[in-house]
Structures are given as structure tokens and as C-alpha cells.
Amino acid sequence: MKLNRQHLPLLGGAIALPTYQPAATRQGIVHIGVGGFHRAHQAVYTDALMNQGEALDWSICGVGLRAEDRAMRDALAAQDYLYTLVELGDRPGLPVRVIGAISGMLLAEDCAQALIDKLADPAIRIVSLTITEGGYCIDDSSGEFRAELPQIQYDLAHPEAPRSVFGFLCAALGRRRAAGTAAFTLMSCDNLPHNGAVTRKALLGFARLADPELAVWIEANVSFPNAMVDRITPMTSAAHRQQLAVEHGLDDAWPVVCEPFVQWVLEDKFVAGRPAWEKVGVQFTDDVTPYEEMKIKLLNGGHQALAYLGAMLGHRYAHETMQDEQLREYVRAYMDKDVTSYLKEAPGIDLEAYKDSLIERFSNTGICDQLSRIGYDGSSRLPKFVLPTLLKQIEAGVPLHRTALIVAAWCQYQTGIDQHGNPFEVGDPCSAQVQQAARPGDDQVERFLAMDEVFGRRIPESAAFVEAFRLQLERLQTLGVRATLELTMAQ
């Protein structure tokens, strides 16, 4: 049975359905970057609140800025923007839900003005983002807005027909300011340290170039709450769609699959109201920093530790790396000995229990989380998830061998060949540059660490790190991953 509003009354049984009428909701949120994570996280929380009879004026209008977003829009539009959430795990009977919180989706390439109109609509009180870690146009080494990027230069020259997220936001906020309409809250849901502060810096960086007076207004009127978001959400496969059809008789063009665990810690800084998400499990706090540091450095940093080494060992899924005793012990040692001492206490969190839960989540065989997904965009992820820990270790003068191995593994990973001679996918928006820097040669170490946009200046200036990196890279290249792990764990 095709998923759509007409067929909703015919569904049921093991599938939980919206208790509200999706057609009766009103849009109050625009979300830019509708992918698996948004549909498994923010939209699910909003749907849960709607199922309690609340937040019916906070429905979500999705936005796609890239040409490839058309496939998602077309799939959702064909089924009245309904989709199925399938939790996957190692125990039976996990929930299957139809989510109705998204009620439309606009594509920038179809009509830029229609998108600006929507963002300028007074009914829209929150604009949220999942535009990937690299989408904020911030230089990881300097922390400054990258105004030289082609899409930014284009938008500065064509303010009425923008292409970038910041061009659209400024165009809409300029219109709201001129009309006397209140500003919206701009809420990042990306895995970034201080994601609200990063969003603020990026938007103001663009606005100061485009319209300095608007920048002053934005600074005074727009809020940028920081958030910690967490749910492992692998890519949906044809097998997932087929399983849904076989087990439930439901034809969903693009369901979303995820682990059972979900968490959202959010600063309560909203200038135009918000849904009562605390009623469905969101934790509001005055300072999200200790929670985001814990999650980003342990979960996301742990993911980088297993992704590159795991792929080179011939593994293709996260749970396979956790079934590999040697790799599991290394990842846990990295968490315990390299990361934990630099974390502040997060109220209500038992850190040892949290790390135990991460190993359990990484071991989930049900979600088949792809290492290609986890290792994607290392040029943006390492500077945010791993290198901050490395910098603290350099400052403290402690041993660097486990952390240096992650960086060396990312370098060697660029070959795209595992220890069995089988190819694997190496994905990175900067792949040409990274692979050129990682090519073998007498100057490989210096050339690789010279990527300022990844490593900055302080890391390559550390003789202790350069020595540790060189040693681990040589070990990987001459002894292989197994022997390198054994020597690393023995140090």
C-alpha cells in the first residue's frame, strides 16, 4: 500500500500513526537540509508533541538548496510528505511510526523568491539547519568566515537571487526588517562544537559584507541557541524499503532508519517562541557546552577512530569494528585515556556509563551503519571531532600515539584500498586536495600536515606530534593495521 494521507486510515496494527490530521497543521518552522538525521530527530520530536495535541502551528517546511535535494522532495511530495521511521536494533519489536510533522518542501533552484517569501513569512518563527559540518563556510584553522568562497561571492553580487544558505537568510531577514516583522530564531542541528555560535559567526560574517546595517539588526534580534543532537542514522537502502514492504505491506519511497537512542540538549534561547519540546524528552539548559563536548569528542571522535582503521581492515559497518576485539579495545582506550580527562562534568550524565553506552550503540547490528558514512568528509570532521583533543594533549605534553594514529589512518585511508586489496569508498568534498596531499613520497608527512584548512598552524609546529604521526604512518604502510594497533596499545 502506497504511503499517503488517503491511505492513512487503512494502516495501523504494528505501525503507529499520527493522532492529528497532518493537513490541519500550520507551518512555523523552516528546516534547511532535509536528510535522514533531521527526519529521525527534530521532526520526530515535533511529531511526538503534535501527537499530544500540541504544536500544531509548528509544522515544518523543508528546504533543499542543492540540486540533489530534488529526489528527496519528489519522494516526499508523492506521499503527502509523510514518511516512515523505523528503529533498528538487536532486540525485536522496535517501533515503526509514520511521521507527519513535515508538511511541504521548497527547492531553491525552482524559485528563489518563493523561498525568500517563506523565510520572510511572520508565521515562521524558527529556521533550523542541518547543512553538514562543512556547510558553515568557517575556516577551521582561523575560525573566520570564508568570504572568498565562490558561492559567497556570487550571493554578494546577486542579493536578490542567492544560492547559499547565508544569502537566503540575509535576503529574508532584510525583508523582515524592512516590513517591521520580528526576527526568527536560527537553530543549528549539526554536529558542531558550539553550533549556535558558529551559525551566528557565519551569518554575521556574510551580513557585514552584504549590508552592515542589517548585520547590526541581526545581532540585536536573532537568537542562535547551541544544541547537542544525537541519533545514529545510517543511509536508507533498497533493502530497508523492501523490508518495510514485506513486514508491513507499506510502500514508502524514502523511509528513515535509525537506532532506538535519541537525545537533544538545547539552550532555551528563542526570540519568537518555540514548541514545548521538553514535554517529549528534549533537555533544556542554560549551557549546552559540557554535553556537546562530551558527545562530539567521544561519539563523533570515536567514530573517526573506528572508521578509517576499520575500513582498511576490511570492515564495512560499525558493528563489525566492535566485533573486532583489537579495534574495540583501541577505541575504548582512546575514549578513556585521551578524551575523558579533558571533558567537563555534564549534569545528570555518568561518563563511564555513557562510554559503555557508546560501545553498545556502535555494536548495534540492526542498523548496519556504514563506515563510508561515518568516515565521509574527514577534512571537516577531524578538525571538529579529533583535533581539539589533540591540541589539548599537545599543550599538556602527554603521549600522542593513539590520537596520532587516527590522523595517520585518515591519511592512509585516502588510498581507498584495504589490507585484502579490496577497494572502498573514500568520500570528501575536498577529496582531490586531500588525496593529492596524502600521496606517497619523501615529503608526504610535511605535505599532508601542510593543509592549513585542516590542521592550522599549531599542530604541524608540534615536533612531538609530527614525530608520532610519522611513526604511525610508517607503521601502517610497512607493518599494516594489525601490527600498528598492537604496537600502539603496548605503548
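Among ALA318, TYR330, GLY397, pick out the residue whose Cα is farthest towards the positive end of the charge dipole of segment 289-490, where Lys and Arg carry +1 and Asp and Glu carry -1 on C-beta, about the Cα centre.
GLY397
Are there GluC sites (Glu not before Pro) in segment 332-423 that DSSP puts in a loop and that have at most 16 other Cβ atoms within 10 Å, and which ones?
Passing both the DSSP loop test and the Cβ count: GLU345.
What fraction of the DSSP beta bridges in the chain is antiparallel, stated in percent and rounded to the nearest 5?
Once the DSSP bridges in the chain are tallied, antiparallel ones form about 30 percent.
Place a +1 charge on the Cβ of each Lys and Arg in segment 343-491 and a -1 charge on the Cβ of each Asp and Glu, then give the dipole magnitude about the Cα centre in debye, rounded to the nearest 20.
60
Which of the trypsin sites (Lys or Arg not before Pro) found in segment 399-482 are in a DSSP loop and have at most 14 neighbouring Cβ atoms, other than their own, within 10 Å?
ARG457, ARG458
Give the label of the value calculated from the structure for Cα extents along the principal axes in Å, choosing from [x] 70, 59, 41; [y] 120, 59, 44; [z] 63, 56, 41.
Read-out from the structure maps to [z].
Using only Cα atoms and rounding to the nearest 10 degrees, what angle (0 to 90) does helix 212-221 make with the longest principal axis of the chain?
Once rounded, one gets 80 degrees.
Neighbouring Cβ atoms within 10 Å as the yardstick, rank HIS248, HIS315 fewest first.
Least crowded to most crowded, the residues run HIS248, HIS315.
Lysine pairs in the chain with Cα distance under 18 Å, only those 8 or more apart or on different chains: how many are there?
19
Which of THR340, THR389, THR403 has the fewest other C-beta atoms within 10 Å, and how do the rest follow up to the most?
With the fewest neighbours first, THR340, THR389, THR403 line up as THR340, THR389, THR403.
None of the figures in this text is laboratory data; all of them are computed from the coordinates on show. Note that this is a predicted model, so its numbers are computed, not measured. Cβ coordinates were reconstructed from backbone atoms using ideal geometry, including for glycine residues, and neighbour counts include every protein chain displayed.
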